[in-house]
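*Asks:* Have a look at this one.
The values are calculated or read from the model by the stated rules, or taken from the named source; none is laboratory data. Remember, predicted model here, so these are calculated numbers, not experimental data. Here the Cβ positions follow ideal geometry from the backbone for every residue, glycine too, while neighbour counts run over all protein chains shown.
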Amino acid sequence: MSELSVNHLLGIKYLNESDIQLIFETADHFKEVINRSIKKVPSLRDITIANIFFENSTRTKLSFELAEKRLSADVLNFSASQSSVKKGETLIDTVNNILSMKVDMVVMRHPNPGAGIFLSRHVSASIINAGDGAHEHPTQALLDSYSIRERLGDVAGKNVVIVGDILHSRVALSNIFALKLQGANVKVCGPKTLIPKHIESLGVGVELNLRKALEWCDVANMLRIQNERLDINYFPTTREYTQQFGVSKKLLDSLDKEIVIMHPGPINRGVEITSDVADSKQSIILNQVENGVAIRMAVIYLLASKIKQ
């Protein structure tokens with residue numbers, strides 16, 4: 001298969017396994033490009049991309065912008081927190097104004113779940129969801145799976161545990177969809193109050209004991225506690241959370257095998273993982289950051305090639 005089955009990247013749940021493999025193979029090629037002395041390719045010289053962020057994001061925004069520039073696209077950056085949205089302009093008006101500037105693709109982060117889907121039905125540009133509320137964050141899940149494939153050779157058959165605030169995490173949901181699609185075994189682990197009620201219906205196991213989860217897994221993806229989304233206290237104190245669900249080097253060294261540690265960032269050092277875990281050879285956190293650019297280049301390139309047709 002040489003093209004994606006979709007015209008937008010709205011969520012992992014709209015992709016099939018061959019879409020994911022095509023994105024990974026394309027990312028392999030771009031990974032070579034970004035490690036060369038001249039890191040740009042002229043692939044998208046005639047494509048204009050608008051990055052529209054209705055929520056603050058440093059890493060995802062920088063990663064997308066770098067990916068776009070590496071592909072030689074023209075880039076518009078729009079931060080809604082400082083814009084007319086504050087004056088009451090609607091999402092459609094904002095985007096239509098940007099599209100009237102002849103934009104081909106929109107990368108959007110929005111606090112409301114489904115914002116990208118809504119947009120894709122009303123505008124002609126190709127939409128990439130850079131995170132919508134606590135719903136999905138597809139490029140993060142793709143770069144996470146790609147990083148597992150790079151370290152362990154394959155995703156199929158691997159045991160992956162996602163630890164932390166599953167309830168408020170778009171990263172967890174997209175990861176579950178992506179990992180299951182590729183044949184991985186998935187469990188979630190965290191305080192009972194932060195595990196969604198019907199999560200087993202997605203084909204994942206629930207393990208409330210961190211040590212047992214780590215003994216089972218090949219990969220532990222550590223999520224941060226999303227304090228900005230916590231409207232009530234889901235656990236007594238951060239210190240207590242760390243004691244039960246934080247990963248230290250001592251804990252890792254006490255396991256009878258070496259597991260891979262991941263984190264979507266930003267890390268709360270000393271909360272979900274200690275500094276010596278984040279910086280250890282078992283951690284692939286910086287590989288995830290590098291792979292994020294290659295994965296986003298691949299997604300943008302593959303969607304843009306459908307625009308050009």
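*Asks:* Need the failing condition index for Tyr241 against (1) in contact with a helix residue (DSSP H, G or I) (Cβ under 8 Å, 6 or more places away or on another chain); (2) buried (at least 20 other Cβ atoms within 10 Å of the Cβ); (3) more than 21 Å from Asn159 (Cα to Cα), just the number.
*Replies:* The one condition Tyr241 does not meet is (1).
*Asks:* Right, next: Need the failing condition index for Ser72 against (1) part of a loop (DSSP other than H, G, I, E, B); (2) farther than 30 Å from Gly183 by Cβ; (3) modelled with pLDDT under 90, just the number.
*Replies:* Ser72 satisfies every listed condition except (3).
*Asks:* For the stretch 231-241, state whether one or more residues are within 24 Å of His168 (Cα to Cα), modelled with pLDDT of 95 or more and in a loop (DSSP other than H, G, I, E, B). Steps first, answer last, please.
*Replies:* So in the stretch 231-241, the residues within 24 Å of His168 (Cα to Cα) come out as 231-241.
Cutting the leftovers down to modelled with pLDDT of 95 or more gives us none.
For the stretch 231-241, residues within 24 Å of His168 (Cα to Cα), modelled with pLDDT of 95 or more and in a loop (DSSP other than H, G, I, E, B): absent.
*Asks:* Would the stretch 2-18 turn up any residue that is modelled with pLDDT under 90 and part of a loop (DSSP other than H, G, I, E, B)? Spell out how you get there, then give the answer.
*Replies:* Keep residues of the stretch 2-18 that are modelled with pLDDT under 90, which gives 2.
When the remaining residues are screened for being part of a loop (DSSP other than H, G, I, E, B), the result is 2.
Checked the stretch 2-18: at least one residue is modelled with pLDDT under 90 and part of a loop (DSSP other than H, G, I, E, B).
*Asks:* Among (1) surrounded by 13 or more Cβ atoms within 10 Å (Cβ to Cβ); (2) at pLDDT below 90, which single condition is Lys86 missing?
*Replies:* Condition (1) is where Lys86 drops out.
Table: residues versus (1) more than 23 Å from Leu15 (Cβ to Cβ); (2) surrounded by 22 or more Cβ atoms within 10 Å (Cβ to Cβ); (3) of a type in the set (Val, Ile, Thr); (4) in contact with a Gly (Cβ under 8 Å, 6 or more places away or on another chain).
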residue	(1), (2), (3), (4)
Thr48	yes, no, yes, no
Arg59	no, no, no, yes
Glu68	no, yes, no, no
Ser79	yes, no, no, no
Phe118	no, no, no, no
His122	no, no, no, no
Gln140	no, yes, no, yes
Asp154	no, no, no, no
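*Asks:* Can you pull out the helices (runs of 4 or more DSSP H) entirely within the stretch 245-309 that have at least 2 residues that are within 14 Å of the chain's Cα centre (by Cα), farther than 18 Å from Arg224 by Cα and modelled with pLDDT of 95 or more?
*Replies:* On the way: elements: 249-253, 275-278, 285-307.
It comes to 285-307.
*Asks:* Would you mind stating whether Lys102 is under 16 Å from Gly292 (Cβ atoms) and touching a strand residue (DSSP E or B) at 6+ places or on another chain (Cβ under 7 Å)? If you could, list the steps in order and put the result at the bottom.
*Replies:* Numbers: under 16 Å from Gly292 (Cβ atoms): no; touching a strand residue (DSSP E or B) at 6+ places or on another chain (Cβ under 7 Å): yes.
It is false that Lys102 is under 16 Å from Gly292 (Cβ atoms) and touching a strand residue (DSSP E or B) at 6+ places or on another chain (Cβ under 7 Å).
*Asks:* Here is a follow-up. Identify, please: which residue in the stretch 47-56 is closer than 20 Å to Asn96 by Cα and part of a loop (DSSP other than H, G, I, E, B) and is, among those, nearest to the chain's Cα centre (by Cα)?
*Replies:* Looking only at the stretch 47-56, we keep the residues that are closer than 20 Å to Asn96 by Cα, and these are 47-55.
Filter once more, so that each one left must be part of a loop (DSSP other than H, G, I, E, B): 47, 54-55.
Working: Ile47: 24, Phe54: 17, Glu55: 15 Å.
Restricting to residues being closer than 20 Å to Asn96 by Cα and part of a loop (DSSP other than H, G, I, E, B), the top hit is Glu55.
*Asks:* Still on this model: Quick check, is Gln182 polar (S, T, N, Q), modelled with pLDDT of 95 or more, surrounded by fewer than 21 Cβ atoms within 10 Å (Cβ to Cβ) and closer than 30 Å to Asn51 by Cβ? Don't jump to the end; show me each part of the working.
*Replies:* Values: polar (S, T, N, Q): yes; modelled with pLDDT of 95 or more: yes; surrounded by fewer than 21 Cβ atoms within 10 Å (Cβ to Cβ): yes; closer than 30 Å to Asn51 by Cβ: yes.
Here the answer is yes, as Gln182 does meet what is asked.
*Asks:* Quick check on this structure: which one of Ser63, Ser43 is assigned to a loop (DSSP other than H, G, I, E, B), closer than 29 Å to Arg149 by Cα and among the small types (Gly, Ala, Ser)?
*Replies:* Working: Ser63 fails: assigned to a loop (DSSP other than H, G, I, E, B).
Answer to the check: Ser43.
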